[in-house]
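The values are calculated or read from the model by the stated rules, or taken from the named source; none is laboratory data. Bear in mind that the values here come from a model prediction, so they are computed numbers and not experimental data. Note that we place each Cβ from the backbone using ideal geometry, even for glycine, and neighbour counts take in every protein chain shown. Quick note on the areas: whole protein, heavy atoms, side chains included, nothing else; ligands and nucleic acids left out. Shrake-Rupley method; radii C 1.70, N 1.55, O 1.52, S 1.80 Å.
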Amino acid sequence: MATIASSQAEQQSQQSSRRTIGWPAWTASYLQATPLILILGFFFILPIAMIAVVSFWDYDFAGLYPAFLTMNYTDTLGSWVTWKTYLNTLKFTVIVWGLTLFIGFWVAYFLAFHIRRTTTQMILFLVCTVPFMTSNIIRMISWIPVLGRNGLVNSALVQMGIVPQPIEWLLYSDFAVVLAMVHLYTLFMVTPIFNTLMRIDRSLFEAARDAGASGWQILWNVVLPLAKPGMAIGTIFVVTLVMADFSTVQVMSGGQSASVALMMKNQMSLLQYPAAAANAVVLLVVVLLMVAAILRVVDIRKEL
């Protein structure tokens, strides 16, 4: 018995020594987060850091030269062409955001409150996602035979006698750019708003009706305040996508309009990588400031 007791005492002392020598408890959470940190660091932080470094380099027609010059930023921020391009991009962003928010809210509202069966809601929501089974380029250029001079819209208007000749501004114009962007990005507004509306307690509507509120009062005082987180998330999606879009602007405007992303694409095609990197950093800062402003107005943590 004495031998057994002594062996148990030794085991307890060894276990207590392991606890004393072992890693602190808080290191477990850091070890669990290490794979995610490595992935984000390699695929997200490292590329941005490389772009920031290259933005200070020198360049000419022959190659790039590591240096620390602010020339690229002074050329970018000191050019009226850059400011005009940013204003044009912001114009597209505001118009597309307003249209997608209006369309996306009412589509989500219809799916959430006017379709009673959950199965039907999911089927209709999946129907909205069907266009995403094709690429953005295909969906974008599909508007060309619709809006062209001899396209479906102009042919129908001329044949019905509404206009004497085809309308020129339907295609290769800012109108075509906005229309294509709204078509491409509306679903990014529908999805978060629909998710937010589905979480609203329906008993709030009954309480509002019992208090004498009308349908519009319920919409303004109950639905809209509770839908703000979803609207903010959709706004972040749409704003970042429009600010970074260059293909839609290039194709649908016929080269007659410009955006910041298209300007960077042209710079890279001319092998002006440091100048394009400086533009990318400025664009990133602008987008982050816009996202920060949205997060200051609406708290989206409840949706995450």
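Summary table below
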{"quantity": "Hey, THR248 open to solvent by 10 Å² or more (accessible area, probe 1.4 Å) and either of a type in the set (Lys, Arg) or farther than 29 Å from ASP60 by Cβ (or both) or not", "calculated": "no"}
{"quantity": "Filter pass, LEU77 being open to solvent by 50 Å² or more (accessible area, probe 1.4 Å), among the hydrophobic types (A, V, I, L, M, F, W, C) and over 14 Å from LEU283 (Cβ atoms)", "calculated": "no"}
{"quantity": "Hey, ALA276 buried (at least 17 other Cβ atoms within 10 Å of the Cβ), touching a helix residue (DSSP H, G or I) at 6+ places or on another chain (Cβ under 6 Å), free of Cβ contacts under 8 Å to residues at least 24 places away in the same chain and assigned to a helix (DSSP H, G or I) or not", "calculated": "yes"}
{"quantity": "Evaluation of ILE138 against (1) in contact with a helix residue (DSSP H, G or I) (Cβ under 9 Å, 6 or more places away or on another chain); (2) within 30 Å of GLN256 (Cα to Cα); (3) among the hydrophobic types (A, V, I, L, M, F, W, C) (one fails), failing number", "calculated": "(1)"}
{"quantity": "Condition met for LEU283 (within 29 Å of TRP169 (Cβ to Cβ), in a helix (DSSP H, G or I), in contact (Cβ under 8 Å) with a residue 40 or more places away in the chain and touching a helix residue (DSSP H, G or I) at 6+ places or on another chain (Cβ under 7 Å))", "calculated": "yes"}
{"quantity": "Segments classed as helices (runs of 4 or more DSSP H), wholly inside segment 159-271, with at least 2 members that are out of contact with any Phe, Trp or Tyr (no Cβ under 7 Å at 6 or more places or on another chain) and under 30 Å from ALA292 (Cα atoms)", "calculated": "174-198, 224-243, 247-252, 260-269"}
{"quantity": "Within segment 14-56, considering residues that are among the small types (Gly, Ala, Ser) and surrounded by 10 or more Cβ atoms within 10 Å (Cβ to Cβ), the one modelled with the lowest pLDDT", "calculated": "SER17"}
{"quantity": "Residue list for segment 199-229, filter: in contact (Cβ under 8 Å) with a residue 60 or more places away in the chain, open to solvent by less than 60 Å² (accessible area, probe 1.4 Å) and either more than 19 Å from ILE115 (Cα to Cα) or among the hydroxyl-bearing types (Ser, Thr, Tyr) (or both)", "calculated": "PRO229"}
{"quantity": "ASN150 being without any contact (Cβ under 8 Å) to a residue 40 or more places away in the chain, of a type in the set (S, T, N, Q) and open to solvent by 40 Å² or more (accessible area, probe 1.4 Å)", "calculated": "yes"}
{"quantity": "Condition check for VAL291: surrounded by 19 or more Cβ atoms within 10 Å (Cβ to Cβ) and either touching a residue at least 12 places away in the same chain (Cβ under 8 Å) or within 23 Å of VAL177 (Cβ to Cβ) (or both)", "calculated": "no"}
{"quantity": "Qualifying residue in segment 137-146 (condition: closer than 23 Å to ILE233 by Cα, open to solvent by 80 Å² or more (accessible area, probe 1.4 Å) and in contact (Cβ under 8 Å) with a residue 40 or more places away in the chain)", "calculated": "no"}
{"quantity": "Any hit, segment 111-121, residues being within 24 Å of the chain's Cα centre (by Cα), part of a helix (DSSP H, G or I), exposed (fewer than 14 other Cβ atoms within 10 Å of the Cβ) and among the hydrophobic types (A, V, I, L, M, F, W, C)", "calculated": "no"}
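Per-residue answers, yes or no, for (1) open to solvent by 40 Å² or more (accessible area, probe 1.4 Å); (2) at positive phi:
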{"site": "ALA244", "(1), (2)": "yes, no"}
{"site": "GLY254", "(1), (2)": "yes, yes"}
{"site": "MET263", "(1), (2)": "no, no"}
{"site": "LEU284", "(1), (2)": "yes, no"}
